[in-house]
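See below for the structure under consideration.
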Amino acid sequence: MNSTIFITGASSGFGKAIAAKFAQNNYRLILTGRREELLMDYAAELNTEYGVEVFILNFDVRDKHEVSRSVNSLPDNWKNIDILVNNAGLAAGLDLIQEGSIDDWDQMIDTNVKGLLYVTRAIVSLMIKNQKGHILNVGSTAAKYVYEKGNVYCATKFAVDALSQAMRIDLLRDHIKVTAVHPGAAETEFSTVRLKGDQEKAKAVYKGYQPLHAEDIADAVYYCATCPPHVCISEMVITPTAQANPFYIDRK
Ligand code: NDP
Ligand code: 8X3
């Protein structure tokens with residue numbers, strides 16, 4: 001049977017591009033997210049284009065009961081998960097800490113940190129049974145540097161970095177690889193979500209330089225996930241050529 005990949009946040013951006021990349025390479029896909037209709041349409045598209053099997057799970061990563069119920073509901077022939085990509089996440093707001101919205105903070109912490117933990121806990125026991133697997137966590141350059149108004153978002157991504165290191169240690173005995181992929185600026189729905197639907201401000205984030213495409217991150221994830229069994233990429237930081245880090249962008 002072909003290998004199976006479980007992707008959170010597959011309705012948009014990186015998750016969607018990762019799904020396409022693995023579909024092109026004949027993986028069986030488990031695609032998850034809250035927007036069920038988008039996932040259903042995309043599953044049909046991938047199935048038609050690449051002939052791959054796709055299973056949809058529709059849940060909010062913040063709800064630990066929904067997460068475990070959804071993962072437990074997988075039919076037996078979908079439970080041998082080879083790769084988990086913890087990608088679902090968001091930034092909500094861009095505010096000084098003294099002006100930040102507590103609801104935004106809750107949403108980011110609950111999604112980016114607690115959601116990632118809930119999904120990992122549900123899937124890792126399936127991998128441990130097989131004594132193999134690969135978890136790839138999507139962090140960010142915001143996991144490496146804190147910038148003005150990035151406060152809580154950066155803190156959640158620092159946590160993703162720390163948890164990736166911790167998982168790599170704890171799962172060593174079970175032969176499970178753990179990789180953190182840390183992208184820089186990429187034009188997806190990310191900035192529109194962060195800026196609460198303000199398309200103009202979101203576009204301005206990427207003005208004057210070539211940001212990453214979601215497909216660039218999909219290629220990186222695919223590379224990390226297809227190294228030989230004895231090779232584990234611990235982490236990969238990927239920025240646009242025009243970006244050195246969150247502070248230095250060569251805008252023309
Ligand atoms: P998008 O907004 O395009 O995609 C985010 C995905 O996460 C969507 O599929 C969304 O699905 C899902 N998601 C969000 N909240 C939840 C939730 N509560 N439960 C389930 N799924 C959820 O952004 P990106 O593709 O850019 O972001 C993907 C990851 O990459 C995030 O972790 C982000 O922090 C990180 N990142 C992004 C960068 C960028 O510049 N774009 C750079 C570095 C890291 P749905 O709404 O259907 O639930
Ligand atoms: C997204 C990249 O620079 O907006 O994680 O934090 S940044």
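Could you please report the charge total around SER11, scoring K, R as +1 and D, E as -1 over all other residues with beta-carbon less than 11 angstrom from its beta-carbon? Provide the component values of the computation, followed by the final result.
Working: positive: LYS16, ARG34, ARG35; negative: GLU36, GLU37, ASP41, GLU189.
Summing Lys and Arg as +1 and Asp and Glu as -1 gives -1.
By its C-alpha gyration tensor, with a ≥ b ≥ c as the square roots of the eigenvalues, how is region 117-187 shaped: rounded for a/c under 1.5, else prolate for a/b larger than b/c, else oblate?
Prolate, because a/c is 1.5 or more and a/b exceeds b/c.
On C-alpha positions alone, give me the angle between the axis of helix 116-130 and the longest principal axis of the chain, in degrees, nearest 10.
The two axes meet at around 30 degrees.
Using a Gaussian network model of the chain with C-alpha springs under 10 Å, which one of CYS232, CYS224, CYS154 is most mobile by mean-square fluctuation?
CYS232
Helix 13-24 sits at what angle to the longest principal axis of the chain, using alpha carbons and giving 0 to 90 degrees rounded to 10?
Compared with the principal axis, the helix lies near 30 degrees.
If the reach is capped at under 15 angstrom between alpha carbons, list the aspartates and glutamates near LYS79, excluding any in the same chain fewer than eight residues apart.
The reachable aspartates and glutamates, counting only those whose Cα sits under 15 Å from LYS79, are GLU53.
Go through region 167-203 and name the GluC sites (Glu not before Pro) that are in a DSSP coil and have 16 or fewer other Cβ atoms within 10 Å of their Cβ.
Loop-located and lightly packed - GLU189.
For helix 214-225, what angle does its Cα long axis make with the longest principal axis of the chain, in degrees from 0 to 90 and rounded to 10?
The angle comes out near 40 degrees.
In angstroms, what radius of gyration and Dmax does the chain have, counting Cα atoms only?
Rg then Dmax for the chain, in Å: 17.4, 53.
Per residue of the chain, what 222 nm ellipticity follows from adding -39500 (n - 2.57) for every DSSP H run with n ≥ 4, rounded to the nearest 500?
Mean residue ellipticity, 222 nm, calculated: -12000 deg cm²/dmol.
Given 37 °C and 0.692 mPa s, how large is the Stokes-Einstein diffusion coefficient of region 51-119 in µm²/s, with Rh as the Kirkwood radius over Cα pairs?
Here the translational diffusion coefficient equals 235 µm²/s.
Could you give P(r) for region 94-228, binned at 5 Å from zero, as whole percent values over all Cα-Cα pairs?
2, 9, 16, 20, 20, 14, 9, 6, 3, 1
Which of LYS16/LYS207; LYS207/LYS252; LYS203/LYS252; LYS149/LYS201 have a Cα-Cα distance over 18 Å?
LYS16/LYS207
Report the label-to-label distance for ARG69 and ILE56 in nanometres (one decimal), using points 7 Å from each Cα along the Cα→Cβ vector.
1.8
FYI, it's all coordinate maths here, none of it is from the lab. Nothing here was measured: the structure is a model prediction, and the numbers come from that model. With ideal geometry, Cβ positions are generated from the backbone for all residues, glycine too; neighbour counts draw on all protein chains shown.
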